[in-house]
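Notes follow once the structure below has been shown.
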Amino acid sequence: MKLLFPASGNGDCIFCIADKGDGTHFSMMIDCHRFTPDIKAIVTDLLHCHLDFLVVTHIDIDHIDGICNMLNQMSELKIDHIIYNNLFADKTDNAQIEPLTDFEKEHLKRLKTFIPQWKPRTEHTIGAKESLSLSSLIQKNWADAWDKNLKLINGEYISLGGLGKIFIVSPTQTAIDELNRHILDEFARKFYNKYPLEKGKEKGAELFELLSLLYNQRNMLIENKISTSTKTLKAEYEKRDREDASKTNRASIAFVWELGNKRILLLGDATSEILVEGIRIYKKTNQIPLDEKIIFDAIKVSHHGSYANLSKELLKHIDSQNWIFCGSTSTAPHLHTIANIVYQPVSDFIQKRKLFFNSRYYKNDIYNKMKTKVSMLKDEGIEIEVSQINEITL
């Protein structure tokens with residue numbers, strides 16, 4: 001099994017690959033912020049314009065913008081299965097769709113003006129004045145691939161055929177309900193003074209996306225001033241953990257990918273509180289003692305390594321030799337998250353941890369700062385490796 005995590009702007013773009021043995025591959029693509037030429041080459045040259053699975057973990061620009069660009073550019077792309085939780089998507093094939101009133105159309109148009117970066121950046125000119133939402137793009141050419149049943153923690157595996165299987169560890173139904181209620185309330189407060197479109201009404205799925213994007217414009221991260229001293233790193237570790245309160249992140253899909261005897265934990269932007277619950281259910285399903293730490297072959301760090309998404313409580317349950325940081329913001333990856341990983345006690349299974357960054361270039365210079373800490377930490381008896389790479393094979 002192989003993980004590809006090419007640089008994709010501020011966000012994630014991950015490919016889970018399994019060799020079929022005949023020069024082709026089973027594949028799963030997870031999120032995309034910038035649909036770069038390198039990422040397009042993976043889809044066209046390596047995967048021959050065929051994805052077995054496309055996973056959209058949650059609605060946020062840095063996870064879906066590149067997906068929209070890809071679908072807009074590549075109508076020839078074959079996608080067998082799409083996993084994407086849209087709360088307003090109609091799950092019945094023969095639903096009666098009620099048309100929008102002029103009042104509703106005007107407010108939907110107004111809502112789009114609050115998301116200026118929503119218009120996809122593509123190689124081609126978009127004919128329509130309004131760019132299509134992700135749900136509309138899916139419905140255009142890949143409607144049969146989209147399973148509209150929400151993917152939640154339920155204690156059961158989902159088969160991926162030749163790609164093995166996955167086990168959902170986020171979100172919970174409670175987190176989904178919170179997001180749904182929050183979006184409806186926010187819309188009523190800001191735009192309508194009443195609740196918006198009901199499920200099944202024209203453009204209801206698009207409305208959910210736009211409201212989610214509007215909500216997530218806020219910067220959830222804090223300042224990240226990093227010195228080269230290991231005292232700063234230790235001080236960060238000793239600070240109290242925060243919990244990401246973003247409703248969209250709490251509703252992010254995260255899962256364990258298993259193939260053969262390997263298992264990888266892919267955390268999307270999920271929050272520690274939800275993940276602890278999901279990992280406990282994963283342990284119960286697999287008859288793993290609740291107090292036993294699971295050693296994964298690799299872990300993709302949640303929310304680009306933000307301050308508030310990898311708590312010490314979660315790290316009581318998970319560990320790995322290989323930690324992958326995808327994307328960045330002005331303040332992430334954050335030193336506090338890295339400190340939580342680095343200062344975990346070593347075990348018989350892990351004597352040295354490797355931190356993989358998919359870029360060298362961060363506004364907070366975290367990659368270069370961590371490179372300088374390797375020898376300093378060694379003096380403290382802590383072995384780590386810091387690398388800039390874009391794929392690993394397990």
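The values are calculated or read from the model by the stated rules, or taken from the named source; none is laboratory data. Computed from a prediction, not measured in an experiment: that's the story for all the values here. Using ideal geometry, Cβ is built from the backbone for each residue, glycine included, and neighbour counts are taken over all protein chains shown. Accessible surface is based on the protein model in full, side chains and every heavy atom, while ligands, DNA and RNA are left aside. Shrake-Rupley method; radii C 1.70, N 1.55, O 1.52, S 1.80 Å.
At-a-glance table
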{"item": "Restricting the stretch 11-25 to residues that are farther than 27 Å from ILE61 by Cα and assigned to a strand (DSSP E or B), the residue that is most open to solvent (accessible area, probe 1.4 Å)", "result": "ASP19"}
{"item": "Matching residues in the stretch 222-247 - criterion: being at pLDDT below 85, surrounded by fewer than 18 Cβ atoms within 10 Å (Cβ to Cβ) and of a type outside the set (S, T, N, Q)", "result": "ILE222, GLU223, LYS225, LYS231"}
{"item": "Residue identified as more than 22 Å from ASP144 (Cα to Cα), open to solvent by less than 90 Å² (accessible area, probe 1.4 Å) and at pLDDT 85 or above among LEU77, LEU46", "result": "LEU46"}
{"item": "Boolean, THR337 is in a loop (DSSP other than H, G, I, E, B) and in contact with a strand residue (DSSP E or B) (Cβ under 9 Å, 6 or more places away or on another chain)", "result": "no"}
{"item": "Residues being in contact (Cβ under 8 Å) with a residue 40 or more places away in the chain, in a loop (DSSP other than H, G, I, E, B) and among the polar types (S, T, N, Q) - total across the stretch 340-364", "result": "4"}
{"item": "Count of residues meeting criterion [charged (D, E, K, R) and under 11 Å from the mean Cα position of the chain (by Cα)] in the stretch 18-66", "result": "3"}
{"item": "Residue within the stretch 268-282 that is in a loop (DSSP other than H, G, I, E, B) and among the aromatic types (Phe, Trp, Tyr) present", "result": "no"}
{"item": "Any hit, the stretch 131-153, residues being open to solvent by 30 Å² or more (accessible area, probe 1.4 Å), modelled with pLDDT under 95, in a loop (DSSP other than H, G, I, E, B) and over 18 Å from GLU209 (Cα atoms)", "result": "no"}
{"item": "Flag for SER387 being small (Gly, Ala, Ser) and at pLDDT 95 or above", "result": "yes"}
{"item": "All positions within the stretch 293-320 that are among the aliphatic types (A, V, I, L, M), open to solvent by less than 10 Å² (accessible area, probe 1.4 Å) and not in a loop (DSSP other than H, G, I, E, B)", "result": "ILE294, ALA298, ILE299, LEU314, LEU315, ILE318"}
{"item": "Where PRO120 falls short, out of the listed (1) at pLDDT 85 or above; (2) assigned to a loop (DSSP other than H, G, I, E, B); (3) surrounded by 17 or more Cβ atoms within 10 Å (Cβ to Cβ)", "result": "(1)"}
{"item": "Residue in the stretch 355-363 that is closer than 23 Å to SER246 by Cβ, loosely packed, with under 15 Cβ neighbours inside 10 Å and either of a type outside the set (Ser, Thr, Tyr) or at pLDDT 95 or above (or both) present", "result": "yes"}
{"item": "First in the stretch 365-388 and within 16 Å of TYR237 (Cβ to Cβ) and open to solvent by 60 Å² or more (accessible area, probe 1.4 Å), second anywhere and in a helix (DSSP H, G or I) and not basic (Lys, Arg), Cβ under 6 Å, 6 or more apart", "result": "MET376/THR230"}
{"item": "Enumeration of residues in the stretch 1-59 that are of a type in the set (Val, Ile, Thr) and closer than 18 Å to SER328 by Cβ", "result": "ILE14, ILE30, THR36, ILE39, THR57"}
